[in-house]
1. Between the DSSP loop rule and a limit of at most 13 other Cβ atoms within 10 Å, which GluC sites (Glu not before Pro) in the stretch 158-266 are left?
2. So, counting K/R as plus one and D/E as minus one, what does the shell of residues with Cβ under 11 Å around ILE127 add up to?
3. Going by amide H atoms built from the backbone, whose H comes under 5 Å of the H on GLY37, apart from near neighbours?
4. TYR288: net charge of surrounding residues, Cβ under 14 Å, Lys/Arg +1, Asp/Glu -1, itself excluded?
5. Within the stretch 25-47, which residues have the backbone N less than 16 Å from the label spot 7 Å out from ASN251 along Cα→beta-carbon, could you tell me?
6. Only four residue types carry charge here, +1 at the Cβ of Lys and Arg and -1 at the Cβ of Asp and Glu. Report the dipole size of the stretch 65-189 about the Cα centre in Debye, rounded to the nearest 20.
7. On C-alpha positions alone, give me the angle between the axis of helix 200-210 and the longest principal axis of the chain, in degrees, nearest 10.
8. Could you point to the residue in PHE231, VAL243, SER194 farthest towards the positive end of the stretch 189-272's charge dipole, with +1 and -1 charges on the Cβ of Lys/Arg and Asp/Glu respectively?
Amino acid sequence: MAEHNWIKVILTPFSWVYGLITLLRNFLYDTGISTSGKSPQFTISVGNLTVGGTGKTPVVEYLTKLLSQNNQPAILSRGYGRKTKGLLFADNSSTASDIGDEPLQYFSKFGKNIVVAVCEKRINGAIAIKERYPERNILLLDDAYQHRGIQRDVNILLNDYNRPFYEDLPFPAGRLRETRSGASRADGIIVTKSPDNLSENEKDKIRKSIRVYSRPETPVFFTSICYSNPFGYDGAPVLLKKVIIVAGIANPQPFTAYLRSRYDVIEEIIFPDHHNYTHTDLEHLIKYIKNDTFVLTTEKDMVKLKPLAAQSGVMDRFAYLPMEMNFGADTETFNQWITQNTL
């Protein structure tokens, strides 16, 4: 621990420099020296200040389901981790290498009911979506909080309960992509991965800590992770007892802790976030499989492992655990807030 603290002290001056650079960049946009393009659709951005997983994907999925009831949304992502460049629309032939794992997960889950596109320059992607799908009236920007080249009508900031931005520092001493003051751009803030039994007193403390940096009127909502029952890679429900956990996500601890409380975990195999699985990886996983054992993954890992498992004829030994965002007591309040802001 002492060694970690010394490293943090050494890196802190570099964090100040990095923070000043992000402050200057934001100043240029705030004063109009750098300009943002106006999207032809009503635009909602979901993002964070922190590097790593804060729950953006389940929030985007929640918004997609909610807003699809009365609108026709499209999802636009940069497509992090893909091996392609430029604008691409997801279709049945898309792979994670083409469009990235999260966009592939969106398309796999919602299919023809949703338009999913990837483009480094979001404004170009927004215009292309409007030209091809003029009926799509809402644009969901995935992980675009720092992408200020496109204007947004609603800016949603996520804050991980376990790693709050107001206790962190900019890179490299910390995990922030910009200074804490970036929270002032948020129209709504969601505290993700909160305990189910979080008290009102603790919620108030968190709100006060957030509002040191956000605008006073910005609403703060609390959510927790809700895991569904497991499904096989063929989409059918499956009963599990012994499992091999495989995950390639930014923060696998909540996922693995939940599985350890539910199943007999034989092995845990953790890959880096956005890991691109290979046949070599699959062969390594297969050697652990026995008649009563399943390889259990996240949904994000499933969309990348499924083609490999199908090619090797072992898909029936693989399962995944869907994850949803649960707004709990804030469900009605959040739903009303987002729908009123999209009218």
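The values are calculated or read from the model by the stated rules, or taken from the named source; none is laboratory data. None of the values given here were measured: they were computed from a predicted structure. Backbone-built Cβ (ideal geometry, glycine too); neighbour counts: all protein chains shown. The protein model used for the area step is the full one, side chains on, heavy atoms only, and it has no ligands, DNA or RNA in it. Shrake-Rupley method; radii C 1.70, N 1.55, O 1.52, S 1.80 Å.
1. On the way: sites: GLU167, GLU178, GLU200, GLU202, GLU217; in loops: GLU178, GLU217.
Answer in residue order: GLU217.
2. Numbers: positive: LYS38, LYS121, ARG122, LYS130, ARG132; negative: GLU131.
The answer is +4.
3. HN-HN under 5 Å from GLY37: ILE150, GLN151.
4. Values: positive: LYS242, LYS287, LYS290, ARG317; negative: ASP264, GLU267, GLU268, ASP281, GLU283, ASP292.
Once positives and negatives cancel, what remains is -2.
5. Answer for this model: 47.
6. On the way: 19 positive and 15 negative charges, 46 e Å.
I would put it at about 220 debye.
7. Around 60 degrees separate the two axes.
8. SER194
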